[in-house]
Amino acid sequence: NVTVVMQPNAGNPTANTICSDDFTIYSLNGPPFFTGGDINGSWTYQGTIPPTSYPFGIFQACDPVLNSAINPFGIYRYTVSDPTGTCPTDWEDITIVAEMAPNTGNATDQDICVNEYGGVNPLYNLNNLLDGTQDVGGDWFYAGALIPTGTIDPNIYSLGGNAFTYEIVPAAPSVCTN
């Protein structure tokens, strides 16, 4: 008797870029990470099983509650062994690279007196709300509308709290949004 055994297939190697603050939970066992291999293999991270609070085979760059890193970026190896021991083990690497997310800095609330604006000092610079740690090149928005100069005339807004948003759109081709 001759028993023919199928050689293990670890699929195709892939390279993937994910935003450093991405909250998405990705399965390493499907596209775009894993393509075309046997499903009975195991994952390691640079030679060790990565520390994770999720079942292995899952990748998440950042925790949405704690806003801290969960799984490390780097090279993950998928290994498939022949249960009979007849054929050699097959493995492929996938690379997960971080693209740094734009930094919008830390905003500070500020009270301004509407009577101080008008005449010789008509505009308030919204950049006064930022702490200086932000990346440059962002835009200010109010209720979804762009404020082109980043300055406002406080007299046209209602008294009380007004929420302005500072956004940075990374240059293409970027996987990050902010």
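The values are calculated or read from the model by the stated rules, or taken from the named source; none is laboratory data. Quick caveat, the model's predicted, so the values are computed rather than measured. When we count neighbours, we look across all protein chains shown, and the Cβ atoms used for this are built from the backbone with ideal geometry, even at glycine. Accessible surface is based on the protein model in full, side chains and every heavy atom, while ligands, DNA and RNA are left aside. Shrake-Rupley method; radii C 1.70, N 1.55, O 1.52, S 1.80 Å.
Here are a few things to note about the model shown:
- The single condition from (1) open to solvent by 80 Å² or more (accessible area, probe 1.4 Å); (2) more than 30 Å from MET6 (Cα to Cα); (3) in contact with a strand residue (DSSP E or B) (Cβ under 7 Å, 6 or more places away or on another chain) that ALA172 fails is (3).
- Residues being modelled with pLDDT of 80 or more and closer than 20 Å to ALA143 by Cβ - total across segment 159-178: 11
- Qualifying strands (runs of 3 or more DSSP E) (wholly inside segment 78-178; at least 2 residues being more than 30 Å from THR35 (Cβ to Cβ), more than 19 Å from the chain's Cα centre (by Cα) and not β-branched (Val, Ile, Thr)): 139-142, 145-147
- The sole residue among GLN60, GLN7, GLN46 that is out of contact with any helix residue (DSSP H, G or I) (no Cβ under 8 Å at 6 or more places or on another chain) and either small (Gly, Ala, Ser) or at positive phi (or both) is GLN46.
- Residue ID - modelled with the highest pLDDT, chosen from residues in segment 18-52 that are open to solvent by less than 80 Å² (accessible area, probe 1.4 Å) and aliphatic (A, V, I, L, M): ILE18
- Within this structure, PRO88 passes the test of being closer than 30 Å to PRO8 by Cβ and open to solvent by 70 Å² or more (accessible area, probe 1.4 Å).
- Only residues that are open to solvent by less than 90 Å² (accessible area, probe 1.4 Å), of a type outside the set (A, V, I, L, M) and in a loop (DSSP other than H, G, I, E, B) were counted in segment 1-17, giving 4.
- ASP135 being at pLDDT 90 or above and either touching a Ser or Thr at 6+ places or on another chain (Cβ under 9 Å) or farther than 24 Å from ALA171 by Cβ (or both): no
- Among the candidates ILE94, ILE75, the residue that is more than 30 Å from LEU129 (Cα to Cα) and open to solvent by 60 Å² or more (accessible area, probe 1.4 Å) is uniquely ILE75.
- ASN67 vs. criteria under 30 Å from VAL136 (Cα atoms), assigned to a loop (DSSP other than H, G, I, E, B) and modelled with pLDDT of 80 or more: no
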